[in-house]
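No lab work stands behind these numbers, since they all come straight from the coordinates. Predicted model, so just to flag it, every value in this text is computed and none were measured. All Cβ positions, even for glycine, are placed from backbone atoms using ideal geometry, and neighbour counts span all protein chains on display.
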Ligand SMILES: [Zn+2]
């Protein structure tokens with residue numbers, strides 16, 4: 001009954017706030033990792049995007065005016081994470097704040113002598129526990145997304161991680177997934193990745209992932225969606241765990257599209 005009521009409410013929201021088809025189609029085409037979706041996936045993503053925009057408050061900061069395409073672009077990247085899950089994975093918070101470019105966030109730390117130091121750090125994105133997601137449009141816009149680097153996916157992966165507390169690289173796993181397998185896989189891969197970054201290797205996966213296990217999960221999620229075949233070849237165990245968690249196989253999707261492209265030549 002509860003489920004039926006939720007579906008009814010969602011359908012009402014979709015009926016009263018449909019996406020503009022032309023803007024939506026243009027936004028999907030503007031991101032390589034969305035362009036490879038098949039028709040059913042595009043439709044499903046569009047449904048999540050419309051519901052996301054109904055449920056969240058997205059607004060510009062520092063004079064940035066958000067138009068429809070910008071809203072769709074941010075929501076589409078975020079909703080790729082929950083394409084095969086549910087919008088409830090983004091529960092417990094409502095705000096998305098978008099700055100035109102990198103923004104300054106206050107930082108404080110206490111040194112060994114007990115003295116509090118404060119400074120401001122330039123960030124492309126930030127996710128608060130129980131609070132907003134803050135983004136830089138310059139880093140989230142189509143065309144500005146690097147290979148396997150995506151600030152929107154990164155911050156929303158933190159939101160999934162935070163569903164069970166701290167940003168520690170351990171989101172709530174689905175029934176049937178093994179906590180032991182998750183920890184063993186991620187810990188081994190994290191150690192290896194840190195060794196490679198420390199050795200100065202030019203890794204195709206963002207070296208920022210070596211900062212902390214929580215950052216590693218977010219960066220691996222960026223790679224999972226942005227450069228899935230590279231992640232699958234470098235860390236097949238991590239790829240397999242993320243495929244179970246997100247219930248998607250982006251590497252297979254990329255291969256399928258690659259085959260079609262070759263057949264069309
Ligand atoms: Zn992060």
Worksheet entry | Most mobile of 209, 63, 46 in a GNM of the chain (Cα contacts under 10 Å) | 63
Worksheet item: Points 7 angstrom from Cα along the Cβ direction at residue 16 and residue 144: gap in nanometres?
Response: 3.3
Worksheet item: Gaussian network model of the chain, Cα springs within a sub-10 Å range: biggest mean-square fluctuation belongs to which of 84, 211, 41?
Response: 211
Response to the item:
Taking Cα pairs closer than 8 Å and at least 6 residues apart, the relative contact order of the stretch 61-163 in percent is 29
Worksheet item: Can you give the Rg to Rh ratio of the stretch 49-204, both from alpha-carbon atoms, with Rh computed by the Kirkwood formula?
Response: 1.00
Item to complete: Before anything else, pin down the relative contact order of the chain: Cα pairs under 8 Å, at least 6 apart, normalised by residue count, whole percent.
Response: 15
Fill in: the stretch 139-203 - percent relative contact order, Cα under 8 Å, separation 6 or more
14
Worksheet, complete the sentence: Proxy exposure order for 128, 3 (fewest C-beta within 10 Å first) is 3, 128
Worksheet, complete the sentence: Of 247, 47, 107, the most mobile residue in a GNM of the chain (C-alpha springs, cutoff 10 Å) is 107
Worksheet item: Shape call for the chain from the C-alpha gyration tensor, a ≥ b ≥ c root eigenvalues: rounded (a/c under 1.5), prolate (a/b greater than b/c) or oblate?
Response: rounded
